[in-house]
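The values are calculated or read from the model by the stated rules, or taken from the named source; none is laboratory data. Values in this document were obtained by computation on a predicted structure and should not be read as measured data. No Cβ is skipped: glycine too gets one built from the backbone with ideal geometry, and neighbour counts run over all protein chains shown.
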């Protein structure tokens, strides 16, 4: 039996438990005057890699996100989402590649014995780790008798990861991606000229230079020459080679480069809805729902009619389909995320 596989769930639960303990201890009876100091302590655990961070005002269209705390290896996304009885205040740690590393419920006032367990159900929190904005309620260890609370927390986790994925391309135009090598994560920057890969730079890694040096030099050059991430690995450095290749693929996919269209994700009723939007200049020529977790008997009309209406109107500002409000808004907001509309 693989011991490493046995230890992963325990480690994930322990991490969630540690973050939860710190958050709960800090916010129990915290006065407003001490809130900033306590939050700073919690952020040391929530931000991937810890260390210094900068606060950023969030200016996007997701009303649940209230702030961004950005560190070198990732961000902590602060959110306030509506639960069953009241708002739920959360922090979600997300690596620069969109991977969720921590989930912390700072404050909740849900039904005692049911939804209130969201603050201290470690298995529920741990089941959302390592996701990338694609969780459905069937993917998590939901709290028994508290579907609405569980869905609200899960939606916040998806929103945090989606925010990082949607904002992963830095201002200079390069794309970033991260994947596991042998010694740890490998992060790359990919520079594009249209559909052509013009440069691949390994910006951080924890590989052993004497073993991985050839792969770190040769794989980026091979990807640029082939204009594709599908290249041969370097003998003797399989893990490093695959880490670089997969990091480049992650960077390209985060920008929708793999399919040539724009991609966007937003929450529906059953989970995230992802769409691809094809453009001809400023004209929306096609909207395709590529994944969803909606109930077919309820959401089918919205899944068919909303994309067609958006194309006909050349705008995401269209009417919802009666009886499928959440699905309609999920498609509409996913299209807005894809085309950068507020």
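Quick look at the numbers
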| read-out | value |
| --- | --- |
| Residue within region 131-147 that is buried (at least 24 other Cβ atoms within 10 Å of the Cβ) and either touching a residue at least 40 places away in the same chain (Cβ under 8 Å) or under 23 Å from residue 329 (Cβ atoms) (or both) present | no |
| Verdict on residue 161 being at pLDDT 85 or above and within 24 Å of residue 102 (Cβ to Cβ) | yes |
| Residue, modelled with the lowest pLDDT, within region 83-96, restricted to residues that are surrounded by 23 or more Cβ atoms within 10 Å (Cβ to Cβ) and within 14 Å of the chain's Cα centre (by Cα) | 96 |
| Evaluation of residue 188 against (1) modelled with pLDDT of 90 or more; (2) in contact with a strand residue (DSSP E or B) (Cβ under 6 Å, 6 or more places away or on another chain); (3) surrounded by 23 or more Cβ atoms within 10 Å (Cβ to Cβ); (4) not assigned by TED's automatic domain parsing to the domain that holds residue 106 (one fails), failing number | (1) |
| Filter result for residue 92 (part of a strand (DSSP E or B), touching a strand residue (DSSP E or B) at 6+ places or on another chain (Cβ under 8 Å), farther than 22 Å from residue 337 by Cβ and in contact (Cβ under 8 Å) with a residue 40 or more places away in the chain) | no |
| Subset of region 125-154 that is over 13 Å from residue 88 (Cβ atoms) and not in a loop (DSSP other than H, G, I, E, B) - its residue that is modelled with the lowest pLDDT | 137 |
| Condition met for residue 154 (within 19 Å of residue 85 (Cα to Cα) and surrounded by 23 or more Cβ atoms within 10 Å (Cβ to Cβ)) | yes |
| Residue 49, sole failed condition from (1) under 24 Å from residue 338 (Cβ atoms); (2) not in a strand (DSSP E or B) | (1) |
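Residue by residue, here is whether (1) part of a strand (DSSP E or B); (2) modelled with pLDDT under 85; (3) within 22 Å of residue 58 (Cα to Cα) holds:
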{"position": "69", "(1), (2), (3)": "yes, no, yes"}
{"position": "81", "(1), (2), (3)": "yes, no, yes"}
{"position": "101", "(1), (2), (3)": "yes, no, yes"}
{"position": "112", "(1), (2), (3)": "no, yes, no"}
{"position": "118", "(1), (2), (3)": "no, yes, no"}
{"position": "156", "(1), (2), (3)": "no, no, yes"}
